[in-house]
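Worksheet: the structure to be examined is printed underneath.
The values are calculated or read from the model by the stated rules, or taken from the named source; none is laboratory data. Because the structure is a prediction, the values reported are computed rather than measured. Using ideal geometry, Cβ is built from the backbone for each residue, glycine included, and neighbour counts are taken over all protein chains shown. In case anyone asks, the SASA skips ligands and DNA or RNA and just uses the protein heavy atoms, side chains included. Shrake-Rupley method; radii C 1.70, N 1.55, O 1.52, S 1.80 Å.
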Amino acid sequence: AGVGAEAAPVDARRLLSHTFKALGFLGGWHRRLDPASDPHDCERWGDVYEPGLVNRARWKNVPWPEGYQKFVVVTSQRSGSTFLMGELRSRLFGYGAVDLGEPFLGDQMVEEGWAPREVAEMMAGADPEAAWALVERRLGEVFGHLEDQFMLTYGDSALYRAGEMGMRAAGFKLMKNQIQGETFDRFVAWCAQHNVKVVQLVRANLLEQVLSEKAAAASGQFHSFESKEGEEEQPKAPELPVKPLRYFYNDMSCWHARFTAQLEAGLPPEDYSLLTYEGMTVSGGRAVDDVIHFVGLDPETEAKGEDVVFGADNWARVWVPQKLHTTPCSARVANWDEVAASFEGTLSMDICQHGYAAVAEMPAAEVVQAFRALDGGQQCPQFFERCKVQNCADSRWAPLLAQGEGSGAAA
């Protein structure tokens, strides 16, 4: 499967990617697509696909996966997406394929052969036509990679070749700060046109999401699996000034409301679902069952995440996050009393005071409405263009366009 554009010399491309990471511009963990290349290496997170890794000619006389249900989980950092995608990959093993990483993450695209300037153009979206052409190209690559992933496990299976099982669903996650604005509108239209289902995963308690980001940045621990075995001491909670925190909270509310409005307006109800971090945490697995049902499978009779599925060891089950964090709000910030007083009356404070069950059964419309209300009763749609939450391109990739760097890689 060809990936990306014509690549620059491998060493130069890798040097550029690792330079970005060393400078702190980019993050991510990487593991190889082929489960035979160490399927248990879960410290290196994410799926990176190298050109030439999969030779499709091997299955030239075997029907290629088609007609399966495509889905995308649209979400943001600190919302439980690592847990959800891990669960889905394990549960859908034998019935489809799920990307664990972030295929629209810039440095991952560079490792797969994309020119940094192309990534910058795609994320910045200054030229809508050019940006969308790059997004559409990447979408084709990602689902092609997922087909490869499925075929590496089942392409030689007698059951698959006899048509007794097949790839029925495949999906990945897209972070909201990876494509935005008009480009995201086009993405939603593409999903509607091609019957791609979208799950929006949100953290209803935006205050907790913001505090989680600050605590993760302070401790350097961004996922539960990164904590050391037997580690009892929790990272020290940071002290945060309230006024900037409140501004950021309002911007996040507006930001989520904008994406929600785009999804609700652009997708038929049967192709769109809203899932909250809180509901996923307290549901005892029902939320994951609901997603599996949403993408067209029966969670009671199939997609159960068994050790062996259609004769193949479920290597995706080796590592799945064990739980989602339920740290009390008051433990996330040193000056909690001051923060609590400032956020009194918000949905976030209701959840902090009464627990996740307060929102787990809340209708989706009420959660969405909470995102749309700013201080003083102002409605967020009036402020869509003033949201200050940065696109990845603003802080990571725009300098490449301004300085003309990266043009020496793939054209």
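Numbers for the structure displayed
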| item | result |
| --- | --- |
| When residues of segment 365-380 are limited to those that are open to solvent by less than 70 Å² (accessible area, probe 1.4 Å), at negative phi and part of a helix (DSSP H, G or I), the one modelled with the lowest pLDDT | Asp375 |
| Checking Met151 against (1) touching a residue at least 12 places away in the same chain (Cβ under 8 Å); (2) out of contact with any Phe, Trp or Tyr (no Cβ under 7 Å at 6 or more places or on another chain), the condition it does not meet | (2) |
| Helices (runs of 4 or more DSSP H) (entirely within segment 238-343) containing at least 3 residues that are among the small types (Gly, Ala, Ser), touching a residue at least 60 places away in the same chain (Cβ under 8 Å) and buried (at least 17 other Cβ atoms within 10 Å of the Cβ) | 242-266 |
| Qualifying residues in segment 345-364 (those that are part of a loop (DSSP other than H, G, I, E, B) and surrounded by 13 or more Cβ atoms within 10 Å (Cβ to Cβ)) - the one modelled with the lowest pLDDT | Met362 |
| Count of segment 178-215 residues which are surrounded by fewer than 19 Cβ atoms within 10 Å (Cβ to Cβ), at pLDDT below 95 and not charged (D, E, K, R) | 1 |
| Every residue from segment 94-131 that is over 30 Å from Phe310 (Cα atoms), open to solvent by 30 Å² or more (accessible area, probe 1.4 Å) and touching a residue at least 40 places away in the same chain (Cβ under 8 Å) | Arg117, Glu121, Ala124, Ala126, Pro128 |
| Residue within segment 134-142 that is in a helix (DSSP H, G or I), basic (Lys, Arg) and open to solvent by less than 10 Å² (accessible area, probe 1.4 Å) present | yes |
| Segment 61-91: number of residues that are assigned to a loop (DSSP other than H, G, I, E, B) and either at pLDDT below 90 or open to solvent by less than 50 Å² (accessible area, probe 1.4 Å) (or both) | 8 |
